[in-house]
1. Only four residue types carry charge here, +1 at the Cβ of Lys and Arg and -1 at the Cβ of Asp and Glu. Report the dipole size of region 2-128 about the Cα centre in Debye, rounded to the nearest 20.
2. How high is the relative contact order of the chain, given as a whole-number percent (alpha carbon pairs under 8 Å, six or more residues apart)?
3. What distance in nm separates the simple spin-label points at residue 54 and residue 85, each placed 7 Å from Cα in the Cβ direction?
4. Given the options 12, 41, 109, state which has the largest fluctuation in a GNM of the chain using a 10 Å cut-off (strictly under) for Cα springs.
5. Select from region 18-114 those GluC sites (Glu not before Pro) which occupy a DSSP coil region and have at most 13 other Cβ atoms within 10 Å, ordered by residue number.
6. Summing +1 for each Lys or Arg and -1 for each Asp or Glu, what net charge is found among the other residues whose Cβ lies under 14 Å from the Cβ of residue 39?
7. Mind checking which of 100, 87, 10 is farthest towards the positive end of region 2-128's charge dipole, using Cβ charges of +1 (Lys, Arg) and -1 (Asp, Glu) about the Cα centre?
8. Can you list the lysines whose alpha carbon sits under 29 Å from that of residue 77, skipping same-chain ones fewer than 8 residues off?
Amino acid sequence: MLLDRLVYEYAVIRLVPRVEREEFLNIGLILFCKAKRFLQVKWYLDEQRLTIFSKDLDIDEIRAYLIAFEKICAGEKSGGPIGLLSIADRFRWLTATRSTIIQTSRSQVGLCIDPDETLEQLFEEMVVH
């Protein structure tokens with residue numbers, strides 16, 4: 001039943017090694033559900049695939065960016081001033097348009113019952129496969 005469903009927003013995290021070429025790999029997902037006060041990121045770095053895609057990548061630097069996303073999502077002090085913002089503002093900041101090696105897709109909206117399950121499902125669909 002639709003009344004049981006909650007509105008959520010998500011964005012795919014993309015690795016864009018050379019911004020001028022506009023080529024990317026999906027490496028993660030951010031999901032926000034205001035009703036559940038839910039904001040989480042899930043990511044995976046297939047180092048072999050990334051190296052084939054672009055041999056000049058600094059995998060440790062990419063991992064550090066993604067860990068910073070985790071800290072911001074969790075609202076941790078170690079996430080800096082952005083980590084202390086409201087949950088909605090943190091999601092908006094993480095999904096803001098930027099031209100760096102780590103970018104996000106446009107935010108998409110859907111309905112779910114369980115944000116955790118939806119995050120897992122979208123991650124499998126958008127990142128793993």
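Every read-out reported here was derived from the displayed coordinates using simple, explicitly stated rules and does not represent laboratory data. Remember, it's a predicted structure, so these values are computed and weren't measured experimentally. Ideal geometry is used to build each Cβ from the backbone, glycine not excepted, and the neighbour counts take in all protein chains shown.
1. 480
2. Values: 207 pairs, mean separation 45.1, N = 129.
Computed over the chain, the figure is 35 percent.
3. Placing both labels 7 Å beyond Cα along the Cβ direction yields 2.4 nm.
4. 109
5. Those that pass, being in a loop and sparsely packed, are 22, 23, 76.
6. Numbers: positive: 34, 36, 37, 42, 71, 90, 92; negative: 9, 70, 76, 89, 116.
Here the charged neighbours net out to +2.
7. Farthest towards the positive end: 87.
8. Straight-distance partners of residue 77: 34, 36, 42.
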